[in-house]
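What follows is one structure encoded as structure tokens, with my remarks underneath.
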Amino acid sequence: MAISATLHNFVVQLSDIDRGVYEELDLRVARHPSETDEFMLTRLLAYCLEYEEGIAFGGGVSTTDEPAVLVRDLSTQVTAWIEVGAPDAERLHRGSKLAGRAAVYTHRDPVKVLAQLVGKKVHRAQAIPVFSFDRDFIEAAVEAIDRRNDINLSITERVLYLEINGTALSTPIEEHRLV
């Protein structure tokens, strides 16, 4: 018998001061059995940091034709392709061509993520940011996750302040480039 996904509920008070985005989000995030807590958390953070009209979680780890997070316009055209973790060059290339804007959010060592993409064909590679978070921040945030979660998430001057279920954390959002 196959193991089913674990559903996590997140009520997020989002204050992205850098972009002027202030929202209350009620999100249900399914964590596939093969998905780590770190990946799920990074997917949630990417969703919040990229939040705009038309944003949605992709089909999940078993879907190869969608990223972890995507943005669609009113005509359902994909306008942003947001990968999480360490995507392969082919997926990133296809997503960048399809959407016009692509980004990567990683909980892994950004040096290793970038190294696996060096020399590979990626459409508009110089325009694709790779964002990373402090490893200790990710580990502490994962420890605070429950099935039901209350989150206050603020971003100011590219520093992420996160309060999750009473645990307060912060990390700079580091930006790296493929080229």
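Things worth noting here:
- Check on PHE133, among the hydrophobic types (A, V, I, L, M, F, W, C) and within 24 Å of LEU70 (Cα to Cα): yes
- Residue within the stretch 32-41 that is surrounded by 12 or more Cβ atoms within 10 Å (Cβ to Cβ), within 19 Å of SER96 (Cβ to Cβ), of a type in the set (Asp, Glu) and at pLDDT 95 or above present: no
- Residue selected from the stretch 130-150 under the condition part of a loop (DSSP other than H, G, I, E, B) and of a type outside the set (A, V, I, L, M), by the criterion surrounded by the most Cβ atoms within 10 Å (Cβ to Cβ): PHE133
- Every pair of residues 6+ apart whose Cβ atoms lie under 6 Å, when the first sits in the stretch 164-175 and is surrounded by 12 or more Cβ atoms within 10 Å (Cβ to Cβ) while the second is assigned to a loop (DSSP other than H, G, I, E, B) and of a type in the set (Lys, Arg): ILE173/ARG158
- Of all residues in the stretch 151-163, those satisfying the criterion of being under 18 Å from TYR105 (Cα atoms) and either in contact with a strand residue (DSSP E or B) (Cβ under 6 Å, 6 or more places away or on another chain) or surrounded by 14 or more Cβ atoms within 10 Å (Cβ to Cβ) (or both) are LEU153, SER154, ILE155, VAL159, LEU160, TYR161, LEU162.
- Where a residue in the stretch 115-135 is in contact (Cβ under 8 Å) with a residue 40 or more places away in the chain and its partner, wherever it lies, is in a helix (DSSP H, G or I) and β-branched (Val, Ile, Thr), with Cβ under 7 Å and at least six apart: VAL130/VAL113
- Candidates VAL104, VAL71, VAL29 - the one that is closer than 21 Å to ASP146 by Cβ, of a type outside the set (Phe, Trp, Tyr) and either assigned to a strand (DSSP E or B) or touching a strand residue (DSSP E or B) at 6+ places or on another chain (Cβ under 9 Å) (or both): VAL29
The values are calculated or read from the model by the stated rules, or taken from the named source; none is laboratory data. Note that this is a predicted model, so its numbers are computed, not measured. Here the Cβ is made from the backbone with ideal geometry for all residues, glycine too, and neighbour counts use every protein chain on show.
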